[in-house]
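> Before I ask anything, let me first share the structure, which is written out below as structure tokens.
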2 protein chains.
Amino acid sequence: MSADPSARRGIPDATVARLPEYLRALTGFAERGITSVSSEELAAAAGVRSAKLRKDLSHLGSYGVRGVGYEVDHLAYQISRELGLTQDWPVAIIGMGNLGHALAAYSGFATRGFRVVALLDQDSHLLGQEIAGITVQPMDALTSLAEQGLAIGVIATPAASAQDVCDQLVAVGVRSILNFAPCVLVVPEDVDVRKVDLSTELQILAFHEQRRALAAEGALEHVTLEPINSAVGR
Amino acid sequence: MSADPSARRGIPDATVARLPEYLRALTGFAERGITSVSSEELAAAAGVRSAKLRKDLSHLGSYGVRGVGYEVDHLAYQISRELGLTQDWPVAIIGMGNLGHALAAYSGFATRGFRVVALLDQDSHLLGQEIAGITVQPMDALTSLAEQGLAIGVIATPAASAQDVCDQLVAVGVRSILNFAPCVLVVPEDVDVRKVDLSTELQILAFHEQRRALAAEGALEHVTLEPINSAVGR
DNA sequence: TAGATTGTTAATCGATTAACAATC
DNA sequence: TAGATTGTTAATCGATTAACAATC
């Protein structure tokens, strides 16, 4: 691939999804004072194979040195830039139940690149309460928040209100939504919804757990049970 | 595919990951008193295309009726059975910070198939406290829990303790782990780890958000911006 | 039977992997 | 130069999709 940055286009979704993990691994190396890593070392830390890592990085540009490896800080910066973490994205969390409360306090938001600018709830008796140093506002506040710039909406309401809240976010121009409610959201095609779903994850685990149990009792005679996971690769 | 259930083998990972969504959609239909659906209707409710839904279901067996559709209750049962939800999986949550607290109270666990049997924390001043009706126990309790049967461990500790907790779970025989800590866990290959990671999801959103911003200001001249998401398909 | 809809086929698309030429 | 490691190629693998024969 060309070294010309303007030629870098169309990074595969699967690659984008792994960049955060690479960035995290690089941060870990930097904290331990390591300034240079090979694709083999970085891949091991990120839990993938080195061929996949190199292929992924090749989509961003050519940031390694043959025979040497990657400079930790430089590669971390390039990945950060590609992910858009060199700027700040204002985030609003909607729904201040147990989950929203935990999210407001969660350090994941505190990572570089994101700033929780508002906590919203439609329940009037939560309004004015302070959570993690931020005052809970009513849903009406969305319009003025959007005017000040709001990039990401996090939906932590019950499933029954999620679509309504989503529609309100879309109406004020928010195009990136992280949905914790266990339901499918319908959005215009230029809106990006990602979903974090506990019970889906549990059910996927249950599937494999059952599979092992059946294999153990010999119910699946003709099946050799595949490794489900391994330290590298996935 | 054969109607013989013993011939149903090797359901693709991508299909397994969608089964919970189909099940949820079916539950929704059942609640509204709808007893029969076409692949078109069910697919729309689950946010996929009908061809994908039919292909997915074909891996489970032949549970539809040509010219008619699927019987809601029957298909829901078959998917539940395939996912292993017709039995109860004992779950332990480890780490009773904000997140663990929210998880303990979260209704996602209350869905059929899972039962939170223990809350654990290594912090001695949380011990004995009751959260969501369950008493917090020390990590030592893991051994006896495992003897009584423990299928799934949910790690809600800080990243720094996650690998240690994971090792303890693996040591007592737990082979299904849901990791909320932002780190890669190293496990034997017969252990299944799934990860729920807030900041990874945010970073993926940021990538697309930045992409839209750059496209809007014309920085990506040669790129037509692809739809990022749509109501159907993904 | 006529109309409807499934289950399957075959083509396409995208992701992964191993191997190695390029090159520090 | 000799050794090491990247970036890329090409083969493989798996997932998606549209179309349609099977069949209720």
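> So, in region A:18-73, how many residues would count as being among the polar types (S, T, N, Q) and under 20 Å from B:Val196 (Cα atoms)?
Applying the first criterion (among the polar types (S, T, N, Q)) to region A:18-73 yields A:27, A:35-36, A:38-39, A:50, A:58, A:62.
Restricting the remaining residues to those that are under 20 Å from B:Val196 (Cα atoms) gives A:27.
Going through region A:18-73 one residue at a time, the tally reaches 1.
> Among (1) farther than 27 Å from B:Ala151 by Cβ; (2) of a type outside the set (Asp, Glu); (3) away from DNA strand C (no atom under 13 Å from the Cβ), where does B:Ile93 come up short?
(1)
> Moving on. Kindly provide the set of residues from region A:22-68 that are within 12 Å of DNA strand C (Cβ to nearest atom), surrounded by 16 or more Cβ atoms within 10 Å (Cβ to Cβ) and either in the same structural domain as A:Thr111 (by TED's automatic domain parsing) or acidic (Asp, Glu) (or both), ordered by number.
The one that is within 12 Å of DNA strand C (Cβ to nearest atom), surrounded by 16 or more Cβ atoms within 10 Å (Cβ to Cβ) and either in the same structural domain as A:Thr111 (by TED's automatic domain parsing) or acidic (Asp, Glu) (or both): A:Asp56.
> Which of the numbered conditions does B:Leu178 fail, given that it passes all the others? Conditions: (1) touching a strand residue (DSSP E or B) at 6+ places or on another chain (Cβ under 9 Å); (2) within 12 Å of B:Pro90 (Cβ to Cβ).
Every listed condition holds for B:Leu178 apart from (2).
> Tell me whether region B:86-99 contains one or more residues that are assigned to a helix (DSSP H, G or I) and at pLDDT below 95.
Keep residues of region B:86-99 that are assigned to a helix (DSSP H, G or I), which gives B:98-99.
Those left that are additionally at pLDDT below 95: B:98-99.
Yes, region B:86-99 contains at least one residue that is assigned to a helix (DSSP H, G or I) and at pLDDT below 95.
> Quickly run through region B:182-198 and pick out the residues that are open to solvent by 60 Å² or more (accessible area, probe 1.4 Å) and without any contact (Cβ under 8 Å) to a residue 12 or more places away in the chain.
Within region B:182-198, B:Glu189 is the sole residue that qualifies.
> Hey, another quick one. Let me spell it out: the conditions are (1) over 25 Å from A:Ala181 (Cβ atoms); (2) in contact with a strand residue (DSSP E or B) (Cβ under 9 Å, 6 or more places away or on another chain); (3) away from DNA strand D (no atom under 16 Å from the Cβ); (4) assigned to a helix (DSSP H, G or I), and B:Gln78 meets all of them except one. Which number is the exception?
Checking B:Gln78 against (1) over 25 Å from A:Ala181 (Cβ atoms); (2) in contact with a strand residue (DSSP E or B) (Cβ under 9 Å, 6 or more places away or on another chain); (3) away from DNA strand D (no atom under 16 Å from the Cβ); (4) assigned to a helix (DSSP H, G or I), the one that fails is (2).
> I would also like to ask the following. Any residue that is within 11 Å of DNA strand D (Cβ to nearest atom), within 19 Å of B:Glu209 (Cβ to Cβ) and within 14 Å of another protein chain (Cβ to nearest Cβ) - is there at least one of those in region A:39-54? Outline the logic, then answer.
Step one: list which residues in region A:39-54 are within 11 Å of DNA strand D (Cβ to nearest atom), which gives A:39-43, A:49-54.
Restricting the remaining residues to those that are within 19 Å of B:Glu209 (Cβ to Cβ) gives none.
No.
> Next question, about the same structure. Regarding A:Thr135, is this residue under 19 Å from B:Tyr106 (Cβ atoms), open to solvent by 10 Å² or more (accessible area, probe 1.4 Å), in contact with a Gly (Cβ under 9 Å, 6 or more places away or on another chain) and assigned by TED's automatic domain parsing to the domain that holds A:Leu178?
On the way: under 19 Å from B:Tyr106 (Cβ atoms): no; open to solvent by 10 Å² or more (accessible area, probe 1.4 Å): yes; in contact with a Gly (Cβ under 9 Å, 6 or more places away or on another chain): yes; assigned by TED's automatic domain parsing to the domain that holds A:Leu178: yes.
Here the answer is no, as A:Thr135 does not meet what is asked.
> Only one of (1) in contact with a strand residue (DSSP E or B) (Cβ under 6 Å, 6 or more places away or on another chain); (2) within 13 Å of chain B (Cβ to nearest Cβ) is not met by A:Pro12, so which one is it?
(1)
> I need the full set of residues from region B:138-181 which are free of Cβ contacts under 8 Å to residues at least 12 places away in the same chain and open to solvent by less than 10 Å² (accessible area, probe 1.4 Å), in order please. Don't jump to the end; show me each part of the working.
First pass over region B:138-181, keeping only residues free of Cβ contacts under 8 Å to residues at least 12 places away in the same chain: B:140, B:144, B:147, B:160, B:164, B:167, B:171.
Once the filter is applied, which keeps residues that are free of Cβ contacts under 8 Å to residues at least 12 places away in the same chain and open to solvent by less than 10 Å² (accessible area, probe 1.4 Å), region B:138-181 yields nothing.
> Restrict the check to region B:107-117 and report whether at least one residue is within 16 Å of DNA strand C (Cβ to nearest atom), within 9 Å of chain A (Cβ to nearest Cβ) and out of contact with any Cys (no Cβ under 7 Å at 6 or more places or on another chain). Can you show your working first?
So in region B:107-117, the residues within 16 Å of DNA strand C (Cβ to nearest atom) come out as none.
No, because not a single residue in region B:107-117 is within 16 Å of DNA strand C (Cβ to nearest atom), within 9 Å of chain A (Cβ to nearest Cβ) and out of contact with any Cys (no Cβ under 7 Å at 6 or more places or on another chain).
> Among the residues of region B:110-128, are any buried (at least 20 other Cβ atoms within 10 Å of the Cβ) and of a type in the set (D, E, K, R)?
Yes, because at least one residue in region B:110-128 is buried (at least 20 other Cβ atoms within 10 Å of the Cβ) and of a type in the set (D, E, K, R).
The values are calculated or read from the model by the stated rules, or taken from the named source; none is laboratory data. Because the structure is predicted, anything quoted here is derived from the model rather than measured. For neighbour counting, all protein chains shown are included, and Cβ atoms are generated from backbone atoms with ideal geometry for every residue, glycine included. In case anyone asks, the SASA skips ligands and DNA or RNA and just uses the protein heavy atoms, side chains included. Shrake-Rupley method; radii C 1.70, N 1.55, O 1.52, S 1.80 Å.
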